[in-house]
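To keep things clear, I will list the structure first and then write my remarks on it.
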Amino acid sequence: MSGFIGILMLDTAFPRVLGDAGNPDSYAFPVRLRVVVGAGPSDIVRGCTPDPKLTAAFIHAARALEAEGAVAIISTCGFLVHIQAELAASVNIPVMVSALSLYPVLRQSFGAQPIGILTASRDSLLGGTLHSAGIDPRTVHVAGMQDCPAFADAILSDKSDQPDVLDSEAIARHCTDLAVGMVAQDPKLSCFLLECGNLPPHAAAIRQATGRPVYGILDAAALLWRGAQG
């Protein structure tokens, strides 16, 4: 079956390294990016639904990708879970814009053991996003990248302030340290779920440092792609 996975992408300027959800080379199957102009990190990485005009822009982009031949749609930002239902209802192909939508499967897979969530912004995730994703905060441990300068200054800043070079090593150290600390705090932690589409490049390092499985939006994309092939 021909086709591709459509990727709704925030309007950013920082480099998309290999493994990032916004890098086409991160996938073993065809993908097509669609930047939603004006949808910057400060507009989307929040604990509430985006501005209605931006929601309409994401719906328009999703429909355009479907018309071009997309077999499913994901995104580069897990905070779009706030409009998951609207996007899914707007097209006739499967949509999973946030890795947070993998939570029910992981919860069933690992039983009552808690799940660790690594996110771009802890306050925003706890401030309403977990609720939008249908996640009981009592069943997860959450750590955020907002205090990592290499991450925040590049990925959470305004597009005009974003750098041409990303300090991936510093970002990898920080998210790995967060994950190790979460396991030390609760050795029963079963796995990690990466809310942020910029964190999958560091999944292997997290897995090696903690001995825990790591899941993210690339896994969602692979699941949707396999399901569309017949």
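Of all residues in region 159-178, at least one satisfies being of a type in the set (S, T, N, Q), under 24 Å from V105 (Cα atoms) and either exposed (fewer than 14 other Cβ atoms within 10 Å of the Cβ) or within 19 Å of the chain's Cα centre (by Cα) (or both).
Just one residue in the set A221, A154 is under 20 Å from Y103 (Cβ atoms), in contact with a Phe, Trp or Tyr (Cβ under 7 Å, 6 or more places away or on another chain), touching a residue at least 60 places away in the same chain (Cβ under 8 Å) and assigned to a helix (DSSP H, G or I); that residue is A221. Residues that are buried (at least 16 other Cβ atoms within 10 Å of the Cβ), in contact (Cβ under 8 Å) with a residue 60 or more places away in the chain, among the charged types (D, E, K, R) and in contact with a strand residue (DSSP E or B) (Cβ under 6 Å, 6 or more places away or on another chain) do occur in region 193-207, at least one of them.
Put simply, of G69, G128, G111 the only residue that is surrounded by fewer than 17 Cβ atoms within 10 Å (Cβ to Cβ) and modelled with pLDDT under 95 is G111. Selection over region 130-148 of residues that are assigned to a helix (DSSP H, G or I) and in contact with a helix residue (DSSP H, G or I) (Cβ under 8 Å, 6 or more places away or on another chain) gives a count of 4.
Considering (1) within 25 Å of I171 (Cβ to Cβ); (2) assigned to a helix (DSSP H, G or I); (3) within 16 Å of the chain's Cα centre (by Cα), the lone condition that G127 does not fulfil carries the number (3). For region 1-109, the strands (runs of 3 or more DSSP E) that sit wholly inside it and include 2 or more residues that are touching a residue at least 60 places away in the same chain (Cβ under 8 Å) and within 17 Å of the chain's Cα centre (by Cα) are 4-9, 70-75. Condition first: in contact with a strand residue (DSSP E or B) (Cβ under 6 Å, 6 or more places away or on another chain) and in contact (Cβ under 8 Å) with a residue 24 or more places away in the chain. Can you find one or more residues in region 157-173 that meet it? No, region 157-173 has no match at all.
The values are calculated or read from the model by the stated rules, or taken from the named source; none is laboratory data. It should be emphasised that the depicted structure is a prediction, and the values quoted were computed from it without experimental measurement. Glycine gets a Cβ as well: all are built from the backbone with ideal geometry, and neighbour counts include every protein chain shown.
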